[in-house]
1. By what distance, in whole Å, do the Cα atoms of segment 314-369 stretch along each of the three principal axes, largest value first?
2. For segment 332-419, calculate the relative contact order in percent as a whole number, restricting contacts to Cα pairs under 8 Å that are 6 or more residues apart.
3. If each DSSP helix of 4+ residues adds -39,500 (n - 2.57) and the sum is divided by the residues in the chain, what number results at 222 nm, nearest 500 deg cm²/dmol?
4. Given the options Asp104, Asp74, Asp135, which has the most mean-square fluctuation in a GNM of the chain, springs set between C-alpha atoms less than 10 angstrom apart?
5. What's the center-to-center distance, using Cα atoms, between segment 305-345 and segment 215-278 in Å?
6. Could you count how many Lys pairs in segment 308-419 have their Cα atoms under 28 Å apart, skipping same-chain pairs fewer than 8 positions apart?
7. At a threshold of 8 angstrom on Cα-Cα distance, excluding pairs fewer than six apart, so keeping six or more, what relative contact order does segment 273-419 reach in percent?
8. Cut-off 10 angstrom, C-alpha nodes, Gaussian network model of the chain. Which of Ala237, Ala322, Ala149 fluctuates the most?
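Read the figures in this text as sums done on the coordinates, not as results from a lab. The structure presented is a predicted model; accordingly, all values stated were derived computationally and were not measured. Every residue, glycine as well, gets a Cβ built from its backbone with ideal geometry; the counts of neighbours run over all protein chains shown.
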Amino acid sequence: MLHTRFTFLFAASLSLLPLLNDSSIAEDHRFVLTNTESNRFVGKKTLSARDFDGVSTDEKWSITKEVLKGGKQDGVDLITVDNGRMKIRIIPTRGMNILDLQVDDFRLGWNSPVKEVVHPSYINLDTRGGLGWLDGFNEWMVRCGLEFAGHPGVDKFIDNTGAEAEMNLSLHGKVGNIPASHVEVRIQKEKPHRITIRGTVHERMFFGPKLQLVTEISTLPGSEEVTITDSVTNNGANDQEMMLIYHTNYGEPLLEAGAKVVAPIKSLAPMNETAVAGLKDYATYGAPQADFLEQVFLTELFADQDDQTLVCLHSKNGERAASISYSVKELPYFTIWKNTTARENGYVTGLEPGTSFPFNRHVERKFGRVPKLAPGETREFSLTYGVHLGKKSVQSVLDEIEEIQDSRKTTVSDEVPEH
């Protein structure tokens, strides 16, 4: 069993039930914040235990919904879940991405040059050769997908006439810039009264993909855990390719000179030429450096008997760490993005489990790393994110990673893979 303090659980289907305390769902009270089918929208709202019949008020927690104003964040929905111990900021307007997490003075997130929570209406994904996604990139956890993810560039597809055609793919896909169509609060009626924010995001078009993402973000009152589960469903009548990368980003205070990433690595290769030079020191981070060029490393990880793996980023002194555990069957590829540039430019690292590596889809397809969903098929993904405070807690995570590695050797390549 992997030791964690934060858990993110992403789950399967969503019924559109609009009312608080819906008796048809015995296990949960429900309060709908957004429902495009009924044109329901709640702009500003604060909920706590006293708003739900039979829920214990012993633990002090709250859920606050607000709409940001001014600049490029004008009109963005933001939900803050404060479970009495931990705060989680969720952005329904940006594909249910997570802006950051905080326990005491320890924040999981990063200091992007993008300071506002940018509304998708201000994002042109095709600008600068398909790099427009970066105009809103400042979240701690942002999904890349769903139809495609990875580098921008040209790919081929079959159009509505049955002919082969070309399309320009933008960086990391569209889902992170699509507002959720349905968002609701769920409170478990029975103890321990789990708090859940559930959202549905549709990436769909005529003569194009018809993909649905349903995500849940939940926590227990007073705990240091968050649980997230994603389900992606093909609602079309034909097979549909899909890609999904969990671009999880860490900056200061966790990222610093001497910080290290630790994982039970089966294979390791550089994705770009700058990574070849940094291969020897891939696991260790440097101080901010203005002329640093990003390094990207491609890995596959060992797992335990239940197909679960675990990775960790820890501070130089071993007092703080963040971890991710997940199934290598669901997410077989893991990318390490090192961008230890100047603080002003965005000092950050990305730890990225995915269905693929972040090459353009035409490359990933060639190597069999682009899954297909049959009509009506759903694929589920679960990840557990953790924060660990104190040397004892950090060492426990490192011991678990060593146990998964189990003296098995890492295969290292010093060549950039063919693409």
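1. Result, largest extent first: 41, 28, 11 Å.
2. Details: 56 pairs, mean separation 15.9, N = 88.
Relative contact order of segment 332-419: 18 percent.
3. Working: 4 runs with 30 residues, N = 419.
The helix contribution divided over the chain gives -2000 deg cm²/dmol.
4. Judging by the Gaussian network model, the answer is Asp104.
5. Cα centroid of segment 305-345 versus Cα centroid of segment 215-278: 7 Å apart.
6. Final tally of qualifying lysine pairs is 15.
7. On the way: 223 pairs, mean separation 39.6, N = 147.
Taking the mean separation of contacting Cα pairs over the length of segment 273-419, I get 27 percent.
8. Ala237
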